[in-house]
Amino acid sequence: MSEIIYDRYTEAVAAWRRDPEGWWARAAEGISWDRPWERVFDPERGAYGQWYAGGQLNTAYNCLDRHVEAGRGSQAALIWDSPLAGRQVRFTYSELRDRVARLAGALAGLGVGHGDRVVIYMPMVPEAAIAMLACARLGAVHSVVFGGFGAPELASRIADAAPKVVISASCGLEPGRIVAYKPLLDAAIALSPHKPDACLILQRPALRAEFVAGRDHDFEAVEAAAAPHAPVPIPATDPLYILFTSGTTGRPKGIVRDAGGHAVALMQSMRMIYGVDAGDVFWAASDVGWVVGHSYIVYAPLLAGCTTIMYEGKPVGTPDAGAFWRVAAEHRVRVLFTAPTAIRAIKQQDPDAAQMRRYDMSRLEALFLAGERCDPPTAIWAAEQLGKPVVDHWWQTETGWPITAGFRGFGLTAPKPGAGGRPSPGYDVQALDDSGQVLPRGQSGNLAIRLPLPPGCAPTLWQNEEGFRTAYLADFPGWYRTGDAGVIDADGDVWVMGRTDDIINVAGHRLSTGAMEEVLAAHQDVAECAVVGAKDALKGQTPLGLVVLKTGVNRPPEDITAELVALVRERIGPVAAFKEARIVPRLPKTRSGKILRASIRRLADGEPPNPPPTIDDPAALDEVRAAIADRLPGTDRGA
Ligand code: COA
Ligand code: AMP
């Protein structure tokens, strides 16, 4: 049996390797095109070539209208389940299409057309998906900003994307508090050198927003008054959206997603990886502000004719650790996708899975995990309690769909807890040494993908092709550098072990320690600082800041550290979960002045710091150890 399963995956990879363009041409048949492509892949275009050049399509048409035309109009397209709002709403494909078409009409009325940008800053409400799809219908480019980011982060994205319109809501709902979005939006627009012509604001009952006369409009009123707009076919190589994500500098990178490759790759991934089809219920318990939300809450399930679930709640506390199982059972979810941190939170509160047993989980067939590496104990716990395959799969905002996975479509699921599965057909993944040589199986190195990247992956950065080349293509010519380190074992399973840069994953949220360092450095009393990601039992990693104060500062240290925590929360947002800053007399450095962040991180994790021989003064490491002693493993706080 396992041989047969293995063969189907191997055959698919071999078919793709034999004829990549033929493989991707066949995959593209799953999409409705307004004009067929001239070349499946044009190596002359862009940073490494582009897919489906010459073709034209409309992604929203592919997500909605064609399913209505095929007789799925009365099937549920999207179910909104919000324990925080105490509401559930079900939209059929016809209803969703009609709302999207009207909102597209409203946006067109505000001057938005093909190629114009629209920033969407919304909580997990159905209008967020409607807004994304309305942009797609017009050929406008959306840029969704996660609601947990603060005003300055939103401002930098508004400045970069230069949107004609911003779509937002009066508030978001977090357990125990209402997050007023509108004041954050107003502050962001004030900070941004670019000002949008108009804002559409969804008034939520929990908190109504004040409008700026002439600029702000009521989302529902404008939508209700608009005439439906037809889908606008756009070139396959044009951007569908931009999604800003943390890079190695403080400035986020605008990942561009081109329309054609995205539709093809996502459509194909639903059957090949997740093993679901039209009519199935698929639930990605993430947020539309992240790539997982873009790909697997909104676009992929709708492209495939599935029912997607949009959940405004948490894995625990809304109201209990049975929340995910309740949603899965109630809506007959076939495949669930979430971040390992969510499962850790559930396991922590309900170790015997008593809450799970309250629900009928018989329809659930598999649990997929991504966002960070799933630690084996969590994967094993979930697999044992659910009695279903638990599939860790590895991907990034840049790729838009899984680089490695288990493939339910081939009958293959990832059996090894801790591994990320095998490369998806389309990705030639190798571990490289620092000089770019391919390493033998079993040796750990820089994980890289041989160019070209498959359809669906970012062709460039927003208005920054040079930045794209520098960030991803320059280090290893002919390869895309993932920024992750790992090892490929003898079976071909890929083990992703961590980042090679300053990106950290906090509860599955990708954040830059560099950006946090910029915030700390801006504090009046701080001379120098370093932020590292320290291990955290629930969130995987949490940031830890070390600061050196300017000479002569003699204010109470606890006042300064409290200000630093507040500053990161205000400038980056609560999602950074920056709760710890420590003052040290100096930072450990090399003789050439480079801060030894890796040694600091190892110290914070309770490991030997292994400083390089070029360390300037090893005593500086002892000072760091003393400053963080109370949070080290083995102490009350660090245990
Ligand atoms: N708008 C405003 N604030 C938000 C927000 C949003 N959309 N999302 C999160 N926040 C806030 C939270 O309220 C919290 O604020 P607090 O410091 O005042 O408590 C902070 O940001 C951190 O949020 P979160 O990361 O959600 O942590 P948590 O402590 O509230 O909950 C978990 C812990 C594990 C339950 C939670 O992190 C979780 O479910 N994570 C899943 C992550 C995920 O889906 N990632 C997507 C990748 S697939
Ligand atoms: P994001 O762009 O927010 O999706 O974050 C991408 C990064 O998260 C990757 O580069 C990895 O560092 C990490 N990541 C995502 N999924 C996994 C996984 N399954 N295993 C290991 N790391 C992962």
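Table for the structure above
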item: Gyration tensor verdict on the stretch 507-631 (Cα atoms; rounded if a/c is under 1.5, prolate if a/b is larger than b/c, oblate otherwise); result: oblate
item: Selection from S512, V548, V526, by position along the positive dipole direction of the stretch 507-631 (Cβ); result: S512
item: Within the chain, longest stretch clear of exposed GluC sites (Glu not before Pro) (DSSP loop, no more than 14 other Cβ within 10 Å); result: 211-639
item: Dipole moment magnitude, nearest 20 debye, the stretch 57-122 about Cα centre, only Lys, Arg, Asp, Glu C-beta charged; result: 80
item: Cα-based shape type of the stretch 249-300, given that a ≥ b ≥ c are square roots of the gyration tensor eigenvalues and the cut on a/c is 1.5; result: oblate
item: Residue (of P452, Q430, M272) at the positive-pole extreme of the chain, dipole from beta-carbon charges; result: M272
item: Sorted by Cβ neighbour density within 10 Å, fewest at the top, the residues H114, H523, H142, H229; result: H114, H523, H229, H142
item: Within straight-line cross-link reach of K416, aspartates and glutamates at Cα separation under 15 Å, skipping those fewer than 8 residues along the same chain; result: D375, E384, D392, D489, D491, D493
item: In Hz, Karplus ³J(HN,Hα) per residue of the stretch 296-308 (6.51, -1.76, 1.60; θ = phi - 60°; x = Gly, Pro); result: 10, 9, 9, 6, 5, x, 6, 4, 8, x, 7, 9, 9
item: Lys, Arg +1 and Asp, Glu -1 on Cβ, resulting dipole of the stretch 507-631 about Cα centre, debye, nearest 20; result: 340
item: Ranking of F410, F149 by count of other Cβ atoms within 10 Å, fewest first; result: F410, F149
item: Within the chain: Cβ-based charge dipole about Cα centre, in debye rounded to nearest 20 (Lys, Arg +1; Asp, Glu -1); result: 440
item: Interchain or long-range residues, amide H under 5 Å from D116's placed H; result: V141
item: Note, ³J(HN,Hα) from phi for the stretch 349-363, Karplus 6.51, -1.76, 1.60, rounded to Hz, x at Gly and Pro; result: 8, 9, x, 8, 6, 4, 5, 4, 6, 6, 10, 7, 9, 5, 7
item: Overall form of the chain per C-alpha gyration tensor (a/c, 1.5; a/b vs b/c); result: rounded
item: Computed helical MRE - 222 nm, the chain, DSSP H runs ≥ 4 contributing -39500 (n - 2.57), nearest 500; result: -8000 deg cm²/dmol
item: Spatially proximal aspartates and glutamates relative to K314 (Cα-Cα < 13 Å; intrachain offsets below 8 disregarded); result: D81, E174, D287
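All of the numbers you see were taken from the coordinates with simple rules; none came from a lab. Keep in mind that what you see is a predicted model, and the values were worked out from it rather than measured. Every residue, glycine as well, gets a Cβ built from its backbone with ideal geometry; the counts of neighbours run over all protein chains shown.
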